Amino acid sequence: MDPGKIIAKPDYLGQAVAKREKIREIIMNFISQEILSYCEEKSTLPSELCQKLEVFTRENIPMSQMLIGKLEASFLIFLIRNYGIAHILEIGTFTGYSALAMAEALPANGTITSIDINPDTVAIAQQYWHMSSHAEKIKCLIGDASHLLQQLRQQEQKYDLIFIDADKASYPVYLELGLEMLSHSGIIIIDNSLWGGKVIKEKTHPHELDASTQGILAASNFAKNHPELFTCLLPVRDGLLMIGRNK
Ligand SMILES: C[S@@+](CC[C@H](N)C(=O)[O-])C[C@H]1O[C@@H](n2cnc3c(N)ncnc32)[C@H](O)[C@@H]1O
């Protein structure tokens, strides 16, 4: 069955599609398409269903450049498979591509709790997840992430991987709450930490930075300067800030 054929498109989704390619170029053009294709060719990629979800999203959903894409998905899969990651918290579900890619890599008892404020894109995510044998591992919470994280931290669950990929201005809040829920050997990954290169204006044009760039910088600086954390900022796609505990 072709999932793309059975999924209804909400009417509003067509409106911004024309701008999609241009925005994508602006956000994450650090390496050439040729090099990216080569890296993807040599990497283990998510399932065919996941790739169909990627194509569906790119063809039908505004702001589809928000998807992590194949190479970043492959990197997350590598970490999950090799470092005993069983419980994941994702902030920013969108159409469910990254959640599905990560679920496929988890052990049978693994779980993902994924949060998003937009019920329309979550509905698409759920239609695709239900076609996967890994659907049972994924739980989605709909609402504002700051609010939902406050609730989640009341529970005892700790997460081995926390993937932060939602509104950038709230990144410091997500990081602070995420650290409370991180398992002893857990990793936090903050996506878009290069923000199309805008972050390098931190020292030269500090007064020109928008709220998103400021949020990313505040989270990155907090982690880098925290005595109990170590960081590594990888220029994969739009920048992945890896955060772990000094042990
Ligand atoms: C970059 S996309 C996530 C992409 C997804 N991780 C993937 O690669 O498939 C960011 C998502 O964050 C969600 N978002 C934005 N602000 C939010 C908030 N305050 N609370 C929860 N989700 C939010 C948006 O609705 C959007 O779907």
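Values quoted throughout were computed directly from the atomic coordinates according to the rules given, and no laboratory measurement underlies them. Every value quoted in this text rests on a predicted model; they were computed, and no experiment measured them. Glycine also receives a Cβ, built like all others from the backbone with ideal geometry; neighbour counts cover every protein chain displayed.
Miscellaneous remarks
- The reciprocal of the average 1/r between distinct C-alpha atoms defines the Kirkwood hydrodynamic radius, which for region 107-214 equals 15.7 Å.
- Measuring against 21 Å, Cα to Cα, the residue pairs Lys70/Lys198; Lys139/Lys224; Lys168/Lys201; Lys70/Lys247; Lys42/Lys224; Lys137/Lys247 contain Lys70/Lys198; Lys139/Lys224; Lys70/Lys247; Lys42/Lys224; Lys137/Lys247 as the ones spanning a longer distance.
- GluC sites (Glu not before Pro) restricted to region 149-247 and DSSP loop, no more than 11 other C-beta within 10 Å: Glu156, Glu228
- Over all orientations, the chain has a Cα convex hull whose mean projected area works out to 13.7 square nanometres.
- Helical runs assigned H by DSSP (4 residues or longer) give the chain a calculated mean residue ellipticity at 222 nm of -12000 deg cm²/dmol, each run adding -39500 (n - 2.57) before division by the residue total.
- Considering only Ile31, Ile88, Ile77, the Gaussian network model of the chain with Cα springs below 10 Å gives its largest mean-square fluctuation to Ile31.
- In sequence order, region 38-43 has phi-based couplings of 5, 4, 5, 4, 8, 10 Hz under the Karplus curve 6.51 cos²θ - 1.76 cosθ + 1.60, θ = phi - 60°, and Gly or Pro positions carry x.
- Antiparallel bridges, percent of DSSP beta bridges restricted to the chain (to nearest 5): 35 percent
- For q = 0.10, 0.17, 0.25 Å⁻¹, Debye-computed log10 I/I(0) when each Cα of region 46-134 counts as one equal scatterer: -0.22, -0.64, -1.41
- As a rough footprinting exposure proxy, the listed residues Asp167, Asp191, Asp120 were ranked by other beta carbons within 10 Å of their own, and the order from fewest upward is Asp120, Asp167, Asp191.
- Among Ser133, Ser43, Ser170, the ranking by other beta carbons within 10 Å of each residue's beta carbon, starting with the fewest, stands as Ser133, Ser43, Ser170.
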